[in-house]
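Chemist: There's a structure below that I have some questions on.
The values are calculated or read from the model by the stated rules, or taken from the named source; none is laboratory data. Please read all numbers here as calculations on a predicted model, not as lab measurements. Here the Cβ positions follow ideal geometry from the backbone for every residue, glycine too, while neighbour counts run over all protein chains shown. In case anyone asks, the SASA skips ligands and DNA or RNA and just uses the protein heavy atoms, side chains included. Shrake-Rupley method; radii C 1.70, N 1.55, O 1.52, S 1.80 Å.
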Amino acid sequence: CSVELGRTRVLAQVSCELVPPKPNRPTEGILFFNLELSPMAAPGFEPGRQSELLVKLNRLIERCLRNSKCIDTESLCVVAGEKVWQIRLDLHLLNHDGNIIDAASIAGIVALCHFRRPDVSVQGEEVTVYSPEERDPVPLSIHHMPICVSFAFFQQGTYLLVDPSEREECVMDGLLVIAMNKHREICTIQSSGGIMLVKDQVLRCSKITAVKVAEITELIQKALENDQKVRKEGGKFGFAESIPNQKITAFKMESAAVDTNNVEEQAEEIITKADPPSEVFAKPILHTPGTAQIGEGIENSWGDLEELEREEAAEEEGESEATAFECQKMEIEDTSTTKETKKDEPIVLSDSEEEEVVILEPQELPKKTRTQTNPKPENTSKKAFNKRRKKKRAA
């Protein structure tokens, strides 16, 4: 499915696969959405990189299509707790000219409505998947079609614009996206940018959204009916039919009539009015074996390039010589300063005024002196005490 909004173009593709369900939801199918912004759409997009814009758009698409419960996930269950259908929606941005979310939401819901999954039968524990030739594929059970409508605000909400382009998105103050179905039910709403919206502004945007969604839903239903009618009649349809008409890979070109009468006469007049060549070389000129010249050609510029390379090399050599001379000069100065210092002078670690100056000098160690004690008075006192004691015992 290919959708064009102005010059913005989005291609949507839906695929399905039988997978085991999630443990917390054994009777529900799985929905997966993926939007890709390739450099083909705009040179500012980088492949394989999750930018802020891409994350924002993917979350908004999931809220619009998954959280709105537009698809009956219980109808995708084949065997409860064992096998369910996984529906994958891939959106590719082919050209970017602003308002990606609106084009992506329309392309996504149309592709889901147009998709048909294979029919399945269950007999005991065996699951049989039938091909389209054996049984007709089954469409998805879709309750409603949510469609996003974007509003751009300028000058703090004084001006309102629907479906902004890329240049308008670059200068807008704020953006409001409302997803709604034809029953006037708001599926999701998101406001971004540094702007505060009033209640009346939001109500006005919701009324405009209801009108736009009704118009777009009618166009979608007509396109699906026409496709189904063409398929029943056996006409050309699908992706292969859209390529020759340049609907996907290029923009539409209006056919223009070309007058082919008197083409030869006009060509002869143009040739006669044209200036003749200065010199015509009928045969090639052989300068040396293996080389030849036909015509004058363009002036040789290899000599100029060689001269430029020589000048650059000479400048580099001069710069290198200057740096080497400076280095030698610094070394000579360092050696002269070291020679001037005397051997007996103390070594100063720091010569700054703020820091303390530390001088390294050999210091004499103090000689160790032994203190001699006289044990004589102690001995004399003991002898006198012993004599007194002997006298007392004798008495």
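Chemist: Can you pull out every residue in segment 51-70 that is out of contact with any helix residue (DSSP H, G or I) (no Cβ under 7 Å at 6 or more places or on another chain) and either closer than 19 Å to residue 98 by Cα or of a type in the set (Phe, Trp, Tyr) (or both)?
Modeler: The answer is 51, 52, 53, 54, 55, 56, 58, 59.
Chemist: For segment 176-201, enumerate the residues that are surrounded by fewer than 15 Cβ atoms within 10 Å (Cβ to Cβ) and β-branched (Val, Ile, Thr).
Modeler: Correct list: 186, 198.
Chemist: Follow-up question, since we're still on this one. Whether any residue in segment 217-235 is assigned to a helix (DSSP H, G or I), closer than 21 Å to residue 113 by Cα, of a type in the set (A, V, I, L, M) and modelled with pLDDT under 70 is what I want to check.
Modeler: So far as segment 217-235 goes, no, none of its residues is assigned to a helix (DSSP H, G or I), closer than 21 Å to residue 113 by Cα, of a type in the set (A, V, I, L, M) and modelled with pLDDT under 70.
Chemist: Follow-up question, since we're still on this one. Only residues in segment 380-392 that are on the phi < 0 side of the Ramachandran plot and in a helix (DSSP H, G or I) count as the first member; pair them with residues that are open to solvent by 100 Å² or more (accessible area, probe 1.4 Å) and at pLDDT 70 or above, Cβ under 7 angstrom, at least 6 apart or cross-chain, and list the lot.
Modeler: Hits for this filter: zero, empty list.
Chemist: Name the residue, out of 64, 16, that is outside any strand (DSSP E or B) and surrounded by 14 or more Cβ atoms within 10 Å (Cβ to Cβ).
Modeler: Among 64, 16, only 64 is outside any strand (DSSP E or B) and surrounded by 14 or more Cβ atoms within 10 Å (Cβ to Cβ).
Chemist: Quick check: anything in segment 249-263 more than 30 Å from residue 12 (Cα to Cα), among the acidic types (Asp, Glu) and either open to solvent by 100 Å² or more (accessible area, probe 1.4 Å) or modelled with pLDDT of 80 or more (or both)?
Modeler: Yes, there is a match, as at least one residue in segment 249-263 is more than 30 Å from residue 12 (Cα to Cα), among the acidic types (Asp, Glu) and either open to solvent by 100 Å² or more (accessible area, probe 1.4 Å) or modelled with pLDDT of 80 or more (or both).
Chemist: With surrounded by 18 or more Cβ atoms within 10 Å (Cβ to Cβ), part of a helix (DSSP H, G or I) and not polar (S, T, N, Q) as the only criterion, which of 87, 106 stands out?
Modeler: After ruling out the rest, the residue left standing is 106.
Chemist: Separate question: May I ask you to list pairs of residues, at least six apart or on different chains, whose Cβ atoms are under 6 Å apart, with the first in segment 21-45 being within 30 Å of residue 95 (Cα to Cα) and open to solvent by less than 30 Å² (accessible area, probe 1.4 Å) and the second being assigned to a loop (DSSP other than H, G, I, E, B) and of a type in the set (Lys, Arg)?
Modeler: Note: pairs meeting the criteria are 31/66.
Chemist: Here is a further query. Restricting segment 126-154 to residues that are among the polar types (S, T, N, Q) and touching an Asp or Glu at 6+ places or on another chain (Cβ under 7 Å), which is least open to solvent (accessible area, probe 1.4 Å)?
Modeler: My answer is 150.
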